[in-house]
Amino acid sequence: MRAARPAIACLGAGRMGRGIAVAFAYAGHAIAMIDVKAGRSVEQFAELEAEALGEVRKTLASLSRFGLLKQSEADSIMARVCVVPASAGDAVLAGAGMVFEGVPEVAELKREVLAAASRLVGPDIIIASTTSTILVDDLSTAIEHPERFLNVHWLNPAYLIPLVEISPGKTTDPNVTARVKTLLESIGKVPVVCAATPGFIVPRIQALAMNEAARMVEEGVASAEEIDRAIRYGFGFRYAVLGLLEFIDWGGGDILYYASRYLEGALGSDRYRAPDVISNNMRDGRIGLRTGAGFLDYSCLNVDEYREMRLAELVNMLRHFGLARPPVL
């Protein structure tokens, strides 16, 4: 007999709450989105409920068209999702197996909502904020038993993007982090753990990339259409297979070092300057694949087999984009 999956509570019924609801309901969990606005009238709540459930149903219909579920299965998944008014939130929280906070990015609002929820759930129930901007330690002081609190940052659309960034705070119990990783993996997500730092991992990297792309339009380097084409078929194509640091190792950290020096001088900006870790790795002989170690350790790998595997994955990307062609004979 299949073990019961923990019920999930989400504080807030906005875009993030709805995305999380789809992800968990699809994986077999019951999930309640709790309206945190206590002053909402019956009519206003009914409007919110219809909008939230309507969006969830529309998302499931899309997933059916994409072949991820049968239309006949949508009703069963939909039955696991509900929206409850603030007046019923206490009862829902009392039975929750885990709580996600998904209210707007206002620190005091989050602290207020999290503080109230932490008083209503048991001391062992994990509470997570989905904030994309506010550090975990700026919120944890509002929570009873802060050792069970951490940031869990989903990337939109939450029901599709595999990555979820987990950011524990100074007081977070390591066992809590491990439990959250296990839960996310059980619903098909790919969790990564990062320190409590502004921007986590992906938002910090993508902010640099997006600003640089906008700057190139501003400078007349290329049109927006050409830049996006370059990103899809070059930048994104490679990094769908090779991680950024893995790619540094693939070509060699020394190549990045010298390329960065040239760009810094040619473009007159220190934003291209390589960090000290690049030159330190060169000094220590950690160039990458050529030396068996760089950011990653390749000493136990058969490098030829590893290269073959990655190249095969790139060929699959060619097929995905419809660009794999037979030779002209």
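The values are calculated or read from the model by the stated rules, or taken from the named source; none is laboratory data. Here the structure is a predicted model, which means the values were calculated and not measured. All Cβ positions, glycine included, derive from the backbone under ideal geometry; neighbour counts span all protein chains shown.
Is there a residue being at pLDDT 95 or above and of a type in the set (S, T, N, Q) anywhere in the stretch 108-129?
Within the stretch 108-129, one or more residues are at pLDDT 95 or above and of a type in the set (S, T, N, Q).
Out of 52, 38, I need the residue that is more than 20 Å from residue 153 (Cα to Cα), in the same structural domain as residue 157 (by TED's automatic domain parsing) and buried (at least 16 other Cβ atoms within 10 Å of the Cβ). Which one? Don't jump to the end; show me each part of the working.
Values: 38 fails: buried (at least 16 other Cβ atoms within 10 Å of the Cβ).
Of the residues listed, the single one that is more than 20 Å from residue 153 (Cα to Cα), in the same structural domain as residue 157 (by TED's automatic domain parsing) and buried (at least 16 other Cβ atoms within 10 Å of the Cβ) is 52.
Are any residues in the stretch 94-148 in a loop (DSSP other than H, G, I, E, B) and among the charged types (D, E, K, R), and if so, which ones?
105, 124, 144
If you check 252, 199, which single one turns out to be small (Gly, Ala, Ser), in contact with a Gly (Cβ under 6 Å, 6 or more places away or on another chain) and more than 24 Å from residue 99 (Cβ to Cβ)? Give the derivation first.
Values: 199 fails: in contact with a Gly (Cβ under 6 Å, 6 or more places away or on another chain).
252 is the lone residue from the list that is small (Gly, Ala, Ser), in contact with a Gly (Cβ under 6 Å, 6 or more places away or on another chain) and more than 24 Å from residue 99 (Cβ to Cβ).
Every residue, every condition in (1) over 30 Å from residue 322 (Cβ atoms); (2) touching a strand residue (DSSP E or B) at 6+ places or on another chain (Cβ under 9 Å); (3) in contact (Cβ under 8 Å) with a residue 12 or more places away in the chain, yes or no:
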| site | (1), (2), (3) |
| --- | --- |
| 169 | yes, yes, yes |
| 181 | yes, yes, yes |
| 194 | yes, yes, yes |
| 197 | yes, yes, yes |
| 201 | yes, yes, yes |
| 213 | no, no, yes |
| 216 | no, no, no |
| 229 | no, no, no |
| 239 | no, no, no |
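Go through the stretch 148-186 and report how many residues are charged (D, E, K, R) and within 13 Å of residue 130 (Cα to Cα).
1
Considering each residue of the stretch 56-80, count those that are of a type in the set (Val, Ile, Thr) and more than 22 Å from the chain's Cα centre (by Cα), and give that number.
Of the residues in the stretch 56-80, 1 are of a type in the set (Val, Ile, Thr) and more than 22 Å from the chain's Cα centre (by Cα).
Among the numbered conditions (1) of a type in the set (A, V, I, L, M); (2) in a loop (DSSP other than H, G, I, E, B); (3) touching a residue at least 40 places away in the same chain (Cβ under 8 Å), tell me where residue 329 comes up short.
Failed condition: (3).
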